[in-house]
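Q: Sharing a structure below in structure tokens format, with a few things to ask.
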Amino acid sequence: MFNNLPPVTKGLLIANAVVFLLQSVLGSAAFAPLMLWAPGVDAYMKAAGVPGFWPWQLLTYGFLHGNLAHLLFNMLALVMFGAQLEYTWGQKRFLTYFLVCVAGAGLCQLGVVSWTVAQGGMPYPTVGASGGVFGLLLAYGMLFPHQRVMLLIPPIPMKARTLVVVYGAIELFLGITGTQSGVAHFAHLGGMLFGWLLIRYWRGQPPFGGRRRPGGPQVRRF
């Protein structure tokens, strides 16, 4: 199965696995400058080892993971949705889409963490490819809305379009209520939002105009 994966999907799997192994060997503290931190960290916190925000973190945080389960869940979703999208879009467009979703999710998370710090909370790092993965889920639901997929927990089959709506609603509820702490729910929603905007841009649909851009992918409407 691994040998049959398209090259970008396979490369992302390998990159995430290698980085996780390095985290396990060297310790997560060695990768702190690559995690996503909110801007505005004061001198006292920097002296305590908090690196603060750097632009590259908007991409690098997406290749770090908190534990093995976190990694495996994201990589399973990458294989389930990413491979088919890469076959449909091609390597360059698929990689562009994934990285835009990762960066867009990071921007949304920066807003959430910055607000928390402004309210007197402590800054905390964000890691994980989940923002990009949720963007892939959104794209899969838009391109293949009637394709049936199976949830892992609980194991319920449903259409891809329904899965997108269900996951989006759950993430919004959990993010607003703070029911599940330690999970960047608004980053997940941000990945879906930026993925939706990029697909609209490729289609030439509002808010980017009324005609599909030349060279943009032929995609099915949601």
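Throughout, read-outs are computed from the coordinates displayed, never taken from laboratory work. What you are looking at is a predicted structure, and each value in this text was computed from that prediction instead of being measured. Cβ sites come from the backbone with ideal geometry, for glycine too, and all protein chains shown count toward neighbours.
Q: Given H placed 1.01 Å from N in the peptide plane, which residues other than close sequence neighbours of Trp54 have an amide H under 5 Å from its amide H?
A: Trp37
Q: On a 0 to 90° scale, report how tilted helix 130-143 is relative to the longest principal axis of the chain, with both axes built from alpha carbons and the result rounded to the nearest 10.
A: That helix lies at roughly 10 degrees to the long axis.
Q: Give the peptides 189-202, 9-22 in descending order of average Cβ contacts within 10 Å, highest first. Please list the in-between numbers first.
A: Details: 189-202: 21.8, 9-22: 16.5.
Top of the packing list down: 189-202, 9-22.
Q: So, one more: How long are the semi-axes of the equivalent ellipsoid of the chain, defined as square roots of 5 times the Cα gyration tensor eigenvalues? Whole Å, largest first.
A: Over the Cα atoms of the chain, the ellipsoid semi-axes are 29, 20, 18 Å.
Q: Just need the relative contact order of region 2-203 here, percent rounded to a whole number, with Cα pairs under 8 Å and 6+ apart.
A: 24 percent
Q: Taking the 0 to 90 degree range and rounding to the nearest ten, how far is the long axis of helix 91-118 tilted relative to the main principal axis of the chain, both from C-alpha atoms?
A: So the helix axis and the longest Cα principal axis differ by about 40 degrees.
Q: Among Asn16, Leu163, Gly209, whose Cα sits farthest toward the positive end of the charge dipole of the chain (+1 at Cβ of Lys/Arg, -1 at Cβ of Asp/Glu, about the Cα centre)?
A: The Cα lying farthest towards the positive end belongs to Gly209.
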